[in-house]
1. Looking only at the stretch 209-232, which residues are part of a strand (DSSP E or B) and either crowded, with 24+ Cβ neighbours inside 10 Å or not assigned by TED's automatic domain parsing to the domain that holds VAL44 (or both)?
2. Name every residue in the stretch 38-63 that is more than 28 Å from VAL408 (Cβ to Cβ) and surrounded by fewer than 24 Cβ atoms within 10 Å (Cβ to Cβ), in order of residue number.
3. Residues of the stretch 181-208 being buried (at least 23 other Cβ atoms within 10 Å of the Cβ), modelled with pLDDT of 90 or more and of a type in the set (S, T, N, Q), which ones?
4. Yes or no: SER107 over 20 Å from the mean Cα position of the chain (by Cα), part of a strand (DSSP E or B) and within 27 Å of GLY227 (Cβ to Cβ)?
5. Give the stretch 72-92 a look and list any residue that's in contact (Cβ under 8 Å) with a residue 40 or more places away in the chain, surrounded by fewer than 23 Cβ atoms within 10 Å (Cβ to Cβ) and either aromatic (Phe, Trp, Tyr) or in contact with a strand residue (DSSP E or B) (Cβ under 7 Å, 6 or more places away or on another chain) (or both), or say none.
6. Does at least one position in the stretch 193-202 carry a residue that is hydrophobic (A, V, I, L, M, F, W, C), in contact (Cβ under 8 Å) with a residue 24 or more places away in the chain and touching a Leu at 6+ places or on another chain (Cβ under 6 Å)?
7. Could you tell me how many of the residues in the stretch 128-143 are more than 17 Å from LEU183 (Cα to Cα) and loosely packed, with under 15 Cβ neighbours inside 10 Å?
8. Taking the stretch 127-159 on its own, how many of its residues are in contact with a helix residue (DSSP H, G or I) (Cβ under 8 Å, 6 or more places away or on another chain) and part of a loop (DSSP other than H, G, I, E, B)?
Amino acid sequence: MTTITRVRRAGSSIDAVVTLPGSKSSANRALVIAALADGESTLVGVPMSDDVDACRDALIAMGVPVSVDNDTVLLHGGDLGSRPLTVDARLAGTTSRFLIAAGSLRSAPLTVTGDGPLRSRPMTPLLDALTHLGFRVTRLDDGLGLPVTVSWPDNADIGDSVRLPGDVSSQFISALMMIGPRLPNGLSIRLDGPKVSEPYIRMTASVMASFGAHVEVNDDKVVVGPGGYSGSRFVIEPDFSSAAFPVAAVVMVGGRLRLPNLASASLQGDSRILELAQMMGATVDVDGVDIIVSRDSDTEVAAIDVDMSDCSDLVPAVAMMCTAAAGTSSISGVGFIRHKESDRLGDLASEMSEIGARVDVLADGLVIHGGDALGVGRCDTHHDHRLAMALSLGAMTADHVDICEPDVVSKSWPTYWGAMVDIISTESVAS
């Protein structure tokens, strides 16, 4: 039976405080790096989400001592286990790629698998790079997805340089970066062509540096020095990717939004949501460590034409934001997001059309014809947390929208429906 949540706007105007989860991108990097580090690490502000849980549970299965106290994780790293085993990344793409790279450092084979939708996601650039470096990689006959088995062969000479296209997922690049300090001579990653999602590469470098690694990120190369990691205390920032949804709601209908502690966040490329909100007519202020976003509902929402290759996780929220604009908006540079949890171009456009949005799908983006109020409709989520959250914003201008399988938000923000209570109200309906 399909679970359906009916979403309505909570009030005539928005005056909301929304507490954000910690950044799962930062948390997963910190978990894996702490597992690779010598000694004890304390991670503070770790979000409770499916992706982070999958990463933590996989590390525990590998024998890494981990204890959890609310949002604090205590972890003793340095040893990833010495027996063959299989770990389940579930639906977590980032987790699967980071575990494959980390698992290649083990003498005993590590097999990484996942749920059906994840098993079909591409892994080839990472697997080819690990094979080139000298690790043992066993993959499916088609060579594409999971399950994958990796290990460090006895007496193998592991290389110190690899070449990747710049337009592959930043997760492949980050996964390789994170094992660099544990390689005998470090690692140089040459990137051919323009990079996509570069802020995620810089986030990885920053988290690595917090654990004592030396990393240089240049236009066409990432250089990681040898020497390993040292255990550290690391605080996870609030998540700008999650902030995009309440920010988009304020841009769509006007009002005022306070986001506690978000001004303290500095690592995330998705902070660009604030710039995009301002381009569309919102005002952004800083009050201590809080961010305040507001828009006068009597002012017009401006259309935008933006390349979002460096902040692609924002696309679903920004596309919904553009439905309220007076004119035609375009989003470009994001053709690669067709291979996320869903086809985040085709599936998003199809579901937006179900609630009356006019959206054209291009090879590398979307064109959104704004200005019309959205209508009542039922939206599938395609196993994608960001689609569920974005499509719920249809209720800003429609009487209501029905979201199928709303619990998919647990991938990144399990408390989304409750955290947004000042903006949207929800009720369960029969399928």
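The values are calculated or read from the model by the stated rules, or taken from the named source; none is laboratory data. The structure displayed is predicted, hence computed values, not measured ones. We place every Cβ from the backbone using ideal geometry, glycine too, and count neighbours over all the protein chains shown.
1. VAL222, VAL224
2. ASP38, GLY39, GLU40, THR42, GLY63
3. THR204
4. Numbers: over 20 Å from the mean Cα position of the chain (by Cα): yes; part of a strand (DSSP E or B): no; within 27 Å of GLY227 (Cβ to Cβ): yes.
In short, no.
5. Answer for the stretch 72-92, where residues must be in contact (Cβ under 8 Å) with a residue 40 or more places away in the chain, surrounded by fewer than 23 Cβ atoms within 10 Å (Cβ to Cβ) and either aromatic (Phe, Trp, Tyr) or in contact with a strand residue (DSSP E or B) (Cβ under 7 Å, 6 or more places away or on another chain) (or both): HIS76, GLY78, THR86.
6. Just the residues of the stretch 193-202 that are hydrophobic (A, V, I, L, M, F, W, C), to begin with: 196, 201.
The next check asks that each one be in contact (Cβ under 8 Å) with a residue 24 or more places away in the chain; those that pass are 196, 201.
Then drop every residue that is not touching a Leu at 6+ places or on another chain (Cβ under 6 Å), which leaves none.
Taking every residue of the stretch 193-202 in turn, none turns out to be hydrophobic (A, V, I, L, M, F, W, C), in contact (Cβ under 8 Å) with a residue 24 or more places away in the chain and touching a Leu at 6+ places or on another chain (Cβ under 6 Å).
7. 5
8. 8
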